[in-house]
Amino acid sequence: MDSKDDCLRPGDSVRLRGDPSRQGTLAEVVERAGQRYGRVRFPTSLQLVPLDQLEPLPASPEEPVELLRRGRFVAPETLRRVLSQIRFGGRLADMLYSMGATRADFYPHQYKPVLKLLDSPTGNVLIADEVGLGKTIEAALIWTELRARFDYRRLLVLCPKSLCLKWQAELESKFGIDARIHGAEELLSLLSDRERWTRGFAAICSLQSVRPPRDWDAGEGRGNDSARARLARLLDDRAEDEPLFDVCVVDEAHHLRNSETLSHELARLLRQVTSHMVFLSATPIHLRNRDLFALLSLLDPDSYPNESALDWILEANRPLVAAREEVLRGGSKTAIAAFLDEAERSPLLAGNRQLAHLRERLASIPEPLSPDQRAELAQILERANLLANTVSRTRRRDVEELRVRRDVKAYRAPMSDAERAVYDRLTAEVCGLAWTSDVPPGFLLATTQRLLTSSIPAALDHWRRRIEDFELEDEEDGAVDPDRADTVIHPVGSLVRHLAEVSVELPSFVELEEQDSKFIALRGILEEFFRNEPEGKIIVFSGFRATIRYLERRLRRDGFHCAVIHGEVADRGQVLDRFRDDPELRILLSSEVGSEGIDLQFCRALVNYDLPWNPMRVEQRIGRVDRLGQEAPKITVLNLLYENTIDDKIYTRLYERLRLCERALGGFEEVLGQELSTLVPDLLNPQLTEQEREERLDQTSQAIANRLKLEAELEEDAAALVAHGDLVLRSITEKRAQGRWIGAEELATYIREVLGELYPGCHLTDRSDGLWEVALTPDVCANFHEWLRRRGQPLSARLGRDTLPVLCRLGEAKGSSPSRGRPEEVTLLHPFVRFLADRARDKGLGGHRPAVAARVQLVDVRARDAGELGPGRYLIATHLWTFSGPVEQQLVVHEGVAIGNGEAIPQRVAEALVSAVMEAGRIWPDCDAVLATGKLAELYDQKLKPLLEERFAKEVDRRQAELADRVAIQIRNLERNRDRQSDAIRQAIEKLRVRTACGDLAADKAERMISLNESKLRKLRSRFEVRRQELAKGREMIPASSALAITVVDVAQ
Amino acid sequence: MTGEQNHLDRRLERAARPDPPARERRPVQLVVGVDFGTTCTKIVARLPYEPGEPAFAVPAPRAIRAEDHPYLARSAVWLGADGVFGLIERAGADPFTGFKASLLGAFPAFGGVERPGPSAEELTTAYLTLQLRSAVGWLLLAHGDGALGKGELSWSWNFGFPAASLDDEALASRYRRCAAAALDLVRRGEPVTLELIRQTLASFSGEQAGLFLERQNAHLVPEVAAAVVGFAHSAEREDELFALVDVGGLTVDACTFNLVDRKSHGLRCGIFEARVEQLGVEAWKTCQREPNGPIQFEKKFDEMVRAVIWDTRVKRNPRSRRWRDGLPLFETGGGIASTMHRERIRALDQWLRDNSAQGGGVYVRSLPPAKSLVADLCRPDTLHRLAVAVGLSLPNVWVPEVWLPRHISDHQASPATPSCEDRYISKDHV
């Protein structure tokens, strides 16, 4: 027996001879009952160990393969500690830290922008999803992901004023973010107060409130001294310093599209002081859309210095997109190669390393290509796509969860004689007035006419009562574009007065109410609906408060309980909560305010009591129900109309013909708006005959159909250009299945283990249903408070405040927003978890690089997407790859072999085995007796290590190629820009030279100008060189690979 | 039965042979924890310095299982007419049970063999010898070529010793003799006869037993310390006050204690208050047959456990933050499955809240699950039966030093500035 213990002295670094992962310092040697013991200071405790169980720590750490060779295995917990520490470190490229860390429901497409941004070379991204896909959630997920990775603390959201409250509510309820709405003055004070800035914030500002004034840069004291101007100057001054904001989200980013506007200027200023810009816009993405360039040039000015650069990139992209389509369509290698040839002819892609790799890969695979090989090639092509990581676009049709069928029915209520008389008379009055007076027909007259077709009794009652106090009742058009806030047209009271006077001559209100054919139809619809769906809820939309009030009164009288929301209802959230939760409340009467930013997916039926003439308004109404989270396969849309009215004509010739209610309209708001704005005056023109009006409607219908078709084609074309990324979606789903996110169990285990190691005495008690009671010791609370103090962060959470037990929900946040009395939600982002991860890193927890022997049950492995694995023994090597460069990233990779036959197992299965060992593995104490460890070490050296080295080399190559290609494109764009500017200057110089030949005064001036231009040219070249050097630095990356662990697994049936 | 006998014989035969050859030139320490109970015995062996500190629960041969639990061996021996002891019933042999109670002489009403023949010491020694042989044999058969063969085996032993007898030196001495004699015989192949037992016991008089045990790395460990040693070395340990209620078949032990990490002097388990009464599961069953029995029994149970907590609260450790945050109470022992006992223990929470101005109650906590315990034959929800044996399988140097109530003086409240708590008089005081 070795007598290594004889040479041990206090102060020596030692470890257990039987368990090399347990390392510490020998504090003293004591004797107990005739035996010699060492008192060893382990990282977290002091323990007596028989001296003969200790040995000195080797001078340099042993590689896992050496430990394997000597059969010095450790328990699965050590593997878990090693990998947990890396996972909680927040640098893993293939993890999604935002997954499960919020209260938002899981939809794979919403993580696509997160992945795109993480891969984006600029760290900026444009989210251009179609409406209704949750762009707000996507932006907030990006913030969550970046917070988890980089401990970000400063978020700025810019949005139209009308959306500020919606953003605030959404961030609070789904992400637990306490965001505050600020104006320029408050934002300035936030940025100027170092303490508040350090502490962090989530600020929401309306674009208008912080947009710089025109003369903002005239200088202090000389020009504008408003808060907005001072804010702009601050942003400009701080351009070269530490970023002021970590993430800036700009909602409705198309407001920035015009480079001449101050909104654009604001975005430019913000870009200089922000680490990540996230733009949200539902604007259609296609080649003729100049908005795309405007937004891209803000996000990545190096790649998109001018419009021609975008054209150039789009042109170069075209064969890449075609090649990808060819790959996925099952095309031959020759056909794919032909597209690659074409791509390489583009000057932008000449010498592109990613394409060269692709060629090599293509050449190395024999025909026919397998589905996996096609997926691999498609993925390479997606990554090579020059727009792939700058734009994230998801269409409704790509989202599985949105495939809800719309069952659309129209109810045409025939008018009674009295109703017809009123309708005809008042319509004639409205149309006549439109032509006899100088009233803008598109707004006021259309509104008046629409109120009439909404509800005749309600309209009459309204006009009679409002003669003296006319108010704008159309809530649809009341929601004006915030950018046009100063152009709101106030109605002309004379029209109302005239209508009121006329209505006196018409049948009485009581008579009309009694025979209200539309209301009778509605009552029939509701009765039938409640008969068929005894617990169902239904929404009745109307664009007019007058109609809503009328319906509320009449329905109540008939015994229907209704909830009501419109612009005058202050706490709409409370009303909606009541409507959702109260089983007695079955009907919601809502104006257009209820059609914006409100989620009603717990309903599956809605009634349009009146018809907005703009189909986008109807789409918004339907969108409240037909949205993510709607669990029914079918929703019902019931449209109510008076027969043979303008509404009826519009509905028949536009809505029904184009099936506008049956399909989601995507981003075609602008198209529809343009066509309708020219149609409305004609519909109200008394000089047109009925037939002419109908022809006019048909023309509009055809025009809209043509425009929709064209937009769809362009969209389809552009869809590929920005790489819709079904492979990205697949990778998100795989990440979820493979556990590449921090779940509740893992978080609980991590907290328990780190607390156990560093702060004995704390305890976590599983209270079931995902709830845990956490009790901390005074020691950990004190350290946590100190940690917060050093970081300038307040003590805002209950967990960590004191030693009283706190009920926590660990991991996946659930339910509605947190409040007093509810369990505290503790995710990866919780300051206490961050504190623990920091402490664990500082203390070197998980620093050992072990050889592990473990037993697992087959069922535990198969549950992890490794169904093909059979019982047996496997050897898995786990390595850590680190890529430092513009952004430091890590990857944990696994390779495995079956020990029996030495055959490699798929990487996915190797990963599943490691996960199973971490979570359910049990120690395999006699592994070294059962298996020849020397042979296992050989297997690692000869099989696993080369496999991992080869993969690492490929990954390094891929990353370097990506960086190099991107920089090359930027430099080429830069060169083009330089050449264009140089040419212009040279031409100017040439012209001036001609003038110098004249020899008069003009010649002297020309000489001076030539000199100035030559100086300009020199400066241009110098600037170019500096910028080129800066860009070239983006190519630098330092890759490193190290062995993390080797695991021997016995998988039992 | 023959198959069972053969199985047991194989174990006993293997125990008599040497340890397996070592694969590595280093010592491997194996600690065998023996929880010798009045009705059943549990044995767990652990490799505390190997990766994951694996611990193996020793299965009881089917024929000697108690309560049909795979790791509970009935505390019973058979003595044949030939004078040979055995663990399995055989024709013509006399069964002996309850010898532990007799050995400790504590509770004559519930056990104790009051008849001529072998003494309680002899029966205990014979039983322990056979149980230890069976355990050693099983360990070598099951793991000799595996985990135990890693290095040169170094055996050590921890025997549980009842908390109620902590202060009784005569009793401890008797128990030491039995353990020493059993250990002396464990690796010897000859049959365990009454004569052999008597001879061996005779050789361990006075201090010899203690010295022998020391040479064998064997120790008597207070059961209360054994119950909490796992917890004391777990991540959840804290230097604070706890309560423990151990519900056995016969008795209920209740105590309050704290754990203090004295750094270089190791852990100390200070027992503030401890009481033991015959309020175990068997006693409960008996009293249920009597009129008013259950009511009286529950009252006695409440009084006993509440007295332990309240005396700690007002006299022994009134400054503890537990009176504000809540006092964690561990419930252990096979009797915690008894509904009555569980309900009365849970009722302590409201009682303490009602009687404490600081508002803290009592919350029941489980002892942490045994780390790396290999006990595949039983359901996880019955593993708690092994808690003491698991604690005993930890190295003796890890066991906290136990300070008895008499070692700890009462807290002296300052009369000049009485706190609100001191001024409070509860219902229990009047």
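Throughout, read-outs are computed from the coordinates displayed, never taken from laboratory work. Being a predicted model, the structure only gives us computed values, none of them experimental. No Cβ is skipped: glycine too gets one built from the backbone with ideal geometry, and neighbour counts run over all protein chains shown.
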* **For the range B:125-189, the fraction of alpha-carbon pairs in successive 10 Å shells from zero, as %** => 18, 42, 28, 12, 1
* Structure fact -> So, over other residues within a Cβ distance under 9 Å of A:Thr933, counting Lys, Arg +1 and Asp, Glu -1, the net charge is +3
* Structure fact -> Rounded to the nearest 10, the angle in degrees between the Cα long axis of helix A:744-758 and the longest principal axis of the Cα atoms of chain A comes to 40
* If you project the alpha carbons of chain B onto the principal axes, what extent comes out on each, in Å, largest first? -> 70, 56, 43
* Based on the Kirkwood radius over alpha-carbon pairs, what value in µm²/s does the Stokes-Einstein equation return for the translational diffusion coefficient of the range B:1-78 at 20 °C and 1.002 mPa s? -> 149
* Asked: When the Karplus curve 6.51 cos²θ - 1.76 cosθ + 1.60 is applied with θ = phi - 60°, which whole-Hz ³J(HN,Hα) does each residue of the range A:357-365 get, with x for Gly and Pro?
  -> 4, 4, 4, 4, 5, 4, 5, 7, 9
* **Top positive-direction residue, dipole computed over chain A with Cβ charges, set A:Leu355, A:Ser162, A:Phe602** => A:Leu355
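Report, in deg cm²/dmol and to the nearest 500, the calculated mean residue ellipticity at 222 nm for chain A, where each DSSP H run with n ≥ 4 adds -39500 (n - 2.57) and the sum is divided by the residue count. Don't skip to the answer; put the middle values down first.
Numbers: 38 runs with 496 residues, N = 1053.
Mean residue ellipticity at 222 nm (helix-derived): -15000 deg cm²/dmol.
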* Provide the net charge surrounding A:Arg855, with neighbours chosen by a C-beta distance below 9 Å and charges set as Lys +1, Arg +1, Asp -1, Glu -1. => 0
* In degrees, nearest 10, range 0 to 90: what is the angle between the Cα axis of helix A:164-175 and the longest Cα principal axis of chain A? -> 30
* Neighbourhood charge, 14 Å Cβ-Cβ cut-off, centred on A:Ser346 and excluding it, Lys, Arg +1 and Asp, Glu -1 -> -2
* **Per-q log10 I(q)/I(0), the protein assembly as shown, q = 0.07, 0.08 Å⁻¹ (Debye; single scatterer per alpha-carbon; no solvent)** => -0.96, -1.12
* **Rg/Rh (Cα only; Kirkwood hydrodynamic radius) as it applies to the range A:546-665** => 0.96
* Asked: Given only helices, namely DSSP H runs of n ≥ 4 each adding -39500 (n - 2.57), what is the per-residue ellipticity at 222 nm of chain B, to the nearest 500 deg cm²/dmol?
  -> -10500 deg cm²/dmol
* Asked: Using the Cα gyration tensor of the range B:172-323, with a ≥ b ≥ c the square roots of its eigenvalues, what is the shape: rounded (a/c below 1.5), prolate (a/b larger than b/c) or oblate (neither)?
  -> oblate
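Do me a favour and compute the ellipsoid semi-axes for the range A:939-1033 from its Cα gyration tensor, root of five times each eigenvalue, largest one first, whole Å.
On the way: eigenvalues 598, 19, 8 Å².
Computed over the range A:939-1033, the values are 55, 10, 6 Å.
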* Structure fact -> Projecting the Cα atoms of A:Tyr423, A:Ser455, A:Ala184 onto the charge dipole of the protein assembly as shown, where Lys and Arg contribute +1 and Asp and Glu -1 at Cβ, the residue farthest towards the positive end is A:Ala184
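In what sequence do B:Cys255, A:Cys431, B:Cys287 fall when counting other Cβ within 10 Å, fewest first?
Numbers: B:Cys255 24, A:Cys431 20, B:Cys287 17.
Starting with the residue having the fewest Cβ neighbours, the order is B:Cys287, A:Cys431, B:Cys255.
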* Structure fact -> Longest principal axis of chain A (C-alpha) makes with the long axis of helix A:456-465 (C-alpha) an angle, in degrees to the nearest 10, of 80
* Ranked A:Asp766, B:Asp311, criterion: other C-beta atoms within 10 Å, fewest first -> A:Asp766, B:Asp311
* **Proximal aspartates and glutamates to A:Lys649, defined as alpha-carbon separation beneath 12 angstrom and excluding residues fewer than eight positions away on the same chain** => A:Glu690, A:Glu694, A:Glu695, A:Asp698
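Which entries of A:Lys735/A:Lys843; A:Lys135/A:Lys409; A:Lys112/A:Lys843; A:Lys634/A:Lys709 show an alpha-carbon separation above 32 angstrom in the structure shown?
Working: A:Lys735/A:Lys843 30 Å; A:Lys135/A:Lys409 30 Å; A:Lys112/A:Lys843 36 Å; A:Lys634/A:Lys709 26 Å.
The pairs that break the limit, which is 32 Å between Cα atoms, are A:Lys112/A:Lys843.
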* To do: For each of A:Arg572, B:Arg316, count neighbouring Cβ atoms within 10 Å of the residue's Cβ, then give the residues from fewest to most.
  => A:Arg572, B:Arg316
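Report the Stokes-Einstein translational diffusion coefficient (µm² s⁻¹, integer) for the range A:986-1032, Rh taken as the Kirkwood radius over Cα pairs, at 20 °C with viscosity 1.002 mPa s.
Translational diffusion coefficient: 183 µm²/s.
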* With N denoting the number of residues in the range A:824-917, provide Rg(C-alpha) divided by 2.2 N^0.38 Å, to two decimal places. => 1.36
* **Compactness relative to 2.2 N^0.38 Å, alpha carbon Rg of the range B:236-309** => 1.40
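At a 10 angstrom cut-off on C-beta neighbours, averaged per residue, how do the peptides A:99-109, A:386-396 rank from highest to lowest? Kindly include the intermediate steps, with their values, before the conclusion.
Working: A:99-109: 20.5, A:386-396: 23.9.
Descending packing order for the listed peptides: A:386-396, A:99-109.
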* Structure fact -> The aspartates and glutamates whose Cα lies under 14 Å from the Cα of B:Lys100, excluding any fewer than 8 residues away in the same chain, are B:Asp35, B:Glu114, B:Glu121, B:Glu122
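What are the equivalent ellipsoid semi-axes of the range A:869-1027, built from the alpha-carbon gyration tensor (square roots of five times its eigenvalues), in whole angstrom, biggest first?
On the way: eigenvalues 979, 31, 24 Å².
In descending order, the three semi-axes are 70, 12, 11 Å.
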